[in-house]
1. Work out how far the C-alpha atoms of region 61-176 reach from end to end along every principal axis, then list the three figures in whole Å, largest first.
2. Just the number, please: Stokes-Einstein D of the chain in µm²/s, Kirkwood Rh from C-alpha pairs, 20 °C, 1.002 mPa s.
3. Which value in nm describes the separation of the simple spin-label points at E98 and Q205, placed 7 Å from the Cα toward the beta carbon?
4. Among M204, M148, M189, which one shows the biggest mean-square fluctuation in a GNM of the chain, springs joining Cα atoms closer than 10 Å?
5. Could you identify which residue out of T41, T49, T168 has the top mean-square fluctuation in a GNM of the chain using Cα springs shorter than 10 Å?
6. Among D152, D79, D170, which one moves the most in a GNM of the chain with springs linking Cα atoms closer than 10 Å?
7. Give the cross-link partners of K91 among the aspartates and glutamates, using a straight C-alpha distance below 14 Å as the criterion and excluding same-chain residues fewer than 8 apart.
8. Among the lysines, which have Cα under 23 Å from the Cα of K84 when same-chain residues fewer than 8 positions away are ignored?
Amino acid sequence: MQEAILEIITTLTETRDQATGGHIRRTQIYLKIIAEELQQTERYKKILTPEEIEVICKVAPLHDVGKIGVPDNILLKPDKLSAKEFEEIKKHTYYGKEIIEAALHRVGTNYFLEKALEIVYTHQEKWDGSGYPQGLSGENIPISGRVMAIADVYDALTSKRSYKIPVTHDKAVTIMEAGKGTHFDPELMEVFLKVHERFREISMQYADPSLQVPHRATR
């Protein structure tokens, strides 16, 4: 029942900004692929246990729940956002934090919700500290937020939005590789580059019927 309620909430969130349930499913799988690869390393095998990965994957769909608080004229704008409008979009991390914290206040200590709070509040941070909302850098960003950033950006690049057309898988990989050490954790980006063909397969398998992306090479 908890998982069903979670799915309803996240689907409503995605529907509101004209994305689809495909985004939820794809980013969950992308996150799981990266996390399971990291789990095989000496450094992360005791951190990303199978139980930890399961929890992170379950709460991943909540990452953009704060978009509920962003005005329609900004969230659905078909053109490039102004600097002021982008500041409003950035507030979705704060709104999401407030939503999760309100739930924690009612139920008390809850590991599931605490992990949800991590992802909601840190998935827009960048390795070099230029992200938002806190400007965290490096390993000050929780591993859940660092992995979610890769999953979310890849899906954003390869999916159609009201303000942009999708790019091919190969173009997305090129763009993301350029963000190694600035936007993304270098170690996690190495994992992504190792498994990115699996991302291509998932993006095709769970593509939104009307928004499918051509996956031929473009280099």
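1. Reported extents, whole Å, longest axis first: 43, 32, 23.
2. On the way: Rh = 17.7 Å.
Using the Kirkwood radius from Cα pairs, D works out to 121 µm²/s.
3. About 3.9 nm, to one decimal.
4. With Cα springs under 10 Å in the chain, the top fluctuation among M204, M148, M189 is at M204.
5. T41
6. Its mean-square fluctuation being the largest, the pick is D79.
7. Filter leaves D64, D72, E125.
8. K67, K97, K126, K164
Read-outs: derived from the displayed coordinates by stated rules, not from any lab. Keep in mind that this is a model prediction, so the values were computed, not measured. Neighbour counts are summed over all protein chains in view; Cβ atoms, including those assigned to glycine, are modelled from backbone coordinates with ideal geometry.
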